[in-house]
């Protein structure tokens with residue numbers, strides 16, 4: 001198991017998989033996908049709830065700011081993949097810039 005005691009403690013492989021899914025579901029079902037993960041796991045895993053809320057807020061901001069342009073859309077895609085990789089490693093770090101610690 002991965003341990004990061006900055007504020008959340010240990011994570012399980014299942015937690016990391018659900019957190020990863022919350023970030024990657026944004027490609028299939030933006031906003032709704034991470035929200036579904038949040039509602040499924042919010043009471044069972046603080047780690048998953050945190051990453052799902054981060055992904056949801058990021059997708060909302062991305063939608064508002066404008067996934068309309070290709071350059072921004074590509075940057076948003078890269079940031080989502082990087083956040084998913086952090087979640088899969090069990091990291092509690094804030095996965096997205098500018099959002100801060102939403103969900104803590």
Residue list for segment 27-59, filter: farther than 20 Å from residue 75 by Cβ, in contact with a helix residue (DSSP H, G or I) (Cβ under 7 Å, 6 or more places away or on another chain) and not in a loop (DSSP other than H, G, I, E, B): 35, 37, 38, 41, 47, 48, 49, 52, 53
Where residue 98 falls short, out of the listed (1) modelled with pLDDT under 70; (2) touching a helix residue (DSSP H, G or I) at 6+ places or on another chain (Cβ under 6 Å): (2)
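When you look at residue 57, is it out of contact with any strand residue (DSSP E or B) (no Cβ under 6 Å at 6 or more places or on another chain), modelled with pLDDT of 90 or more and surrounded by 15 or more Cβ atoms within 10 Å (Cβ to Cβ), yes or no?
On the way: out of contact with any strand residue (DSSP E or B) (no Cβ under 6 Å at 6 or more places or on another chain): yes; modelled with pLDDT of 90 or more: no; surrounded by 15 or more Cβ atoms within 10 Å (Cβ to Cβ): yes.
No.
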Condition broken by residue 23, with the remaining ones in (1) surrounded by fewer than 18 Cβ atoms within 10 Å (Cβ to Cβ); (2) closer than 14 Å to residue 89 by Cα satisfied: (1)
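The values are calculated or read from the model by the stated rules, or taken from the named source; none is laboratory data. None of these values were measured; they are calculated from a predicted model. Methodologically, a virtual Cβ is constructed for each residue, glycine included, from the backbone with ideal geometry; neighbour enumeration extends over all protein chains shown.
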